[in-house]
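Take a look at the structure set out below.
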Amino acid sequence: MATIRIPAERTTLGEPAAVAAFLHRYHIDYERWAPDRPLSGESTADEVLAAYATEVDALKARGGYLTADVIDVKPDTPNLDTMLARFNREHWHDEDEVRFIVEGRGLFHVHPPDGPVFAIEVESGDLIRVPRGTQHWFDLCGERRIRAIRLFQDPSGWTPHYTESGVDRGFEPVCFGPAYVAHQPASQGYR
Ligand SMILES: [Fe+2]
C-alpha cells in the first residue's frame, strides 16, 4: 500500500482511500491490483503480464496505452547507478508514467505547480499513473529492488525532460514502509 508524505505540511497519509483522494487532486491515479494467479520471484515477464492481464487491458483501453513490459531491477543490475541517475532529478515526460509494482519498492517525488512537493512510496500491488507533463523524480528504496509493469502510449515519449530546478536536492530519498506509518502519529510521520 502506498504512503504519501508532504514534508512542508508535516503530514503522512497511509490509508488507501486517503492516499487515492489526495493523489486525485493532482490527477494521479492510484489503484491496488491483485494477481489472478500465483506469482513468484522466478515468474517470467510473460507470466507477470498474464497474471494482471485483466487490469492491464482495462488500463490500456482507458488510457490509450499500446504496449506493456516488465522491468526488473536488482542491486546487481549492470550500470544501475547510471540508470537511476537519469530519473532522480526533477523531470517530466511527453507521456504518462504508468507503473504497477510487482515486487520491491520505489519513491516518487511530485512537484505540483499549485502545491508543495510530496513523496509517494510505492510497493508491491500499487498501480500509479502520473500524467504527462507532471514534474517529478524517482528513487529506489534502500534494498534497490523493483519489478514493475510499465505501460506506454509511445515508448519514445518517455524520454525525460529535465527542469534543472534543483528542487530535488532539497528532499532526502528516504523510504519508510507501511510499518512506519502504523506506529507514528500523522503529525510526525515524516523526516
Ligand atoms: Fe519519470
Inspect region 130-147 for any residue being open to solvent by less than 20 Å² (accessible area, probe 1.4 Å), of a type in the set (A, V, I, L, M, F, W, C), away from the ligand (no atom under 16 Å from the Cβ) and within 24 Å of Y52 (Cβ to Cβ) and give the result as yes or no. yes
Filter result for R37 (open to solvent by 70 Å² or more (accessible area, probe 1.4 Å) and more than 25 Å from A119 (Cα to Cα)): yes
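Yes or no, residue by residue, for (1) more than 16 Å from I6 (Cβ to Cβ); (2) in contact with a helix residue (DSSP H, G or I) (Cβ under 6 Å, 6 or more places away or on another chain); (3) among the polar types (S, T, N, Q):
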position	(1), (2), (3)
V102	yes, yes, no
L107	no, no, no
V110	no, no, no
G115	no, no, no
E121	no, no, no
R145	yes, no, no
Qualifying residue in region 41-54 (condition: in contact with a Phe, Trp or Tyr (Cβ under 6 Å, 6 or more places away or on another chain) and either within 16 Å of the ligand (Cβ to nearest atom) or more than 17 Å from R150 (Cα to Cα) (or both)): no
Would you tally the residues in region 82-103 being away from the ligand (no atom under 12 Å from the Cβ) and either in contact with a Leu (Cβ under 9 Å, 6 or more places away or on another chain) or open to solvent by less than 10 Å² (accessible area, probe 1.4 Å) (or both)? 4
Residues of region 115-129 being surrounded by fewer than 20 Cβ atoms within 10 Å (Cβ to Cβ) and either within 15 Å of L59 (Cα to Cα) or small (G, A, S) (or both), in sequence order, are G115, S124, G125
Out of curiosity, is F108 hydrophobic (A, V, I, L, M, F, W, C), within 16 Å of the ligand (Cβ to nearest atom), in contact (Cβ under 8 Å) with a residue 40 or more places away in the chain and surrounded by 15 or more Cβ atoms within 10 Å (Cβ to Cβ)? no
Being part of a loop (DSSP other than H, G, I, E, B), within 24 Å of I4 (Cα to Cα) and more than 16 Å from the ligand (Cβ to nearest atom), is that true of even one residue in region 62-73? no
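The values are calculated or read from the model by the stated rules, or taken from the named source; none is laboratory data. Note that the coordinates shown come from a computational prediction; the quantities given were computed from them, not determined experimentally. Neighbour counts are summed over all protein chains in view; Cβ atoms, including those assigned to glycine, are modelled from backbone coordinates with ideal geometry. These accessible areas exclude ligands, DNA and RNA; they are computed on the full protein's heavy atoms, side chains included. Shrake-Rupley method; radii C 1.70, N 1.55, O 1.52, S 1.80 Å.
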